Amino acid sequence: MIDATPTTPHFSERGIRSRFRRDVRAMVGLIGVCLLVLIGVCGPLLANRQPILCRYDGSWHLPAIVDVIHKLPFSARVVSKSRPFRYPQFDAKRDLPADAFALWPPIRYGPRETSASILEGPTGSHLLGTDDVGRDVAARLIHATSASIGAGLGAMLLAALIGIPLGGLAGYRGGKTDILVSRLIELFTCFPVFFLILAVMAWLGPGTGIAGLAVVIGLVRWTAVARYTRGEFLHLRAEDYVLAARTQGAGLARILFVHLLPNAMGPVLVALAFGVANVILIEAGLSWLGFGVQQPDPSWGNMLRTGYAHLEAAPHLIFASCAAIFLAVLSCNLTADGLRNALSPKLR
């Protein structure tokens, strides 16, 4: 019986890992991406107006940890915050007894919490200063990470779900299927991506939210993933293990996703990594223009807009958001560039 498993893989997984680890810039980028994801997920543990752990009225409470859990979809229906921390009128910093045990986050401010200090520069209580309504810039910067990283990962996940099947089908089948998918890709790429997204967001209105924003960007950004997948499948469909799988009667889905896709994922992963950086820039641009994340919810884009509006009176507002966008995009690009070098045929 003919074995459909490839005896000579398209790339060596061990060699890729070894080359990627030796690339200092790629490792720095990967560490930066991991830190951004960690900050985005654990933001309520870093900046919150409620404690991580405290004892109140004879019971132990975990309000900030519950806020982290609530970042998962539909988790609020399963895990609810205990009383009285679920009530907005309860101020833990004011209402907790002075002798009660409380483990506080490093920054004791929420992203929407206002104060009397308006447009204040960096101080001991506000590490990065305050904005035009007295909100802590550091707290908003931390919580805005989840919006930008969430939009990038969510949009490219949707782009992968659309682009990989369409590109793989076009590359493997060829003929009329390839022509149809190629014309569809050309139809989407003939429009400027940012202005197409901007037009859709203007039509949907400003209340779309970060999930809707990720869906809109993903529905437009799938073309690059489809092109790379199509090219790899065109190259791999004549390999011996694919012919063996056909001989054994393997179905279309098995050939595409079991035999071809694992060996074609290298360039696709590079496209996805570069795509995350582009989506972060797109989300910041849309929020700057008022079509992305809306106030009072934090986003690097709307924070940048606030800083630009008060550039002379409070220049500290613009530096934090600019640095966050720059470091996030740089980390994603360094990771993608290192992955591309590790997958380069010249290095095999």
Contacts under 6 angstrom Cβ, first residue in region 312-339 being touching a residue at least 12 places away in the same chain (Cβ under 8 Å) and over 30 Å from Ile16 (Cα atoms), partner outside any helix (DSSP H, G or I) and of a type in the set (A, V, I, L, M, F, W, C), 6 or more apart = Ala313/Leu119; Ala314/Leu119; Ala320/Leu128
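Let's see how each residue does on (1) over 18 Å from the mean Cα position of the chain (by Cα); (2) among the polar types (S, T, N, Q); (3) under 30 Å from Arg237 (Cβ atoms); (4) in a loop (DSSP other than H, G, I, E, B):
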position: His259; (1), (2), (3), (4): yes, no, yes, no
position: Val270; (1), (2), (3), (4): no, no, yes, no
position: Val276; (1), (2), (3), (4): no, no, yes, no
position: Ser287; (1), (2), (3), (4): no, yes, no, no
position: Gly301; (1), (2), (3), (4): no, no, no, no
position: Tyr308; (1), (2), (3), (4): yes, no, no, no
position: Phe319; (1), (2), (3), (4): yes, no, no, no
position: Ile325; (1), (2), (3), (4): no, no, no, no
note = Among residues of region 89-115 being surrounded by fewer than 15 Cβ atoms within 10 Å (Cβ to Cβ) and in contact with a Cys (Cβ under 8 Å, 6 or more places away or on another chain), the residue modelled with the lowest pLDDT is Ala100
key: Residue selected from region 119-175 under the condition at positive phi and not assigned by TED's automatic domain parsing to the domain that holds Glu232, by the criterion surrounded by the most Cβ atoms within 10 Å (Cβ to Cβ)   = Gly129
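Rundown of residues vs (1) modelled with pLDDT of 90 or more; (2) surrounded by 14 or more Cβ atoms within 10 Å (Cβ to Cβ); (3) in the same structural domain as Ala211 (by TED's automatic domain parsing), yes/no style:
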{"site": "Thr5", "(1), (2), (3)": "no, no, no"}
{"site": "Asp23", "(1), (2), (3)": "no, yes, yes"}
{"site": "Ala26", "(1), (2), (3)": "yes, yes, yes"}
{"site": "Leu30", "(1), (2), (3)": "yes, yes, yes"}
{"site": "Arg55", "(1), (2), (3)": "yes, yes, no"}
{"site": "Asp67", "(1), (2), (3)": "yes, yes, no"}
{"site": "Tyr87", "(1), (2), (3)": "no, no, no"}
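The values are calculated or read from the model by the stated rules, or taken from the named source; none is laboratory data. Since we're looking at a predicted model, the values are computed, not measured. In this analysis, Cβ positions are derived from the backbone assuming ideal geometry, glycine residues included, and neighbour counts consider all displayed protein chains.
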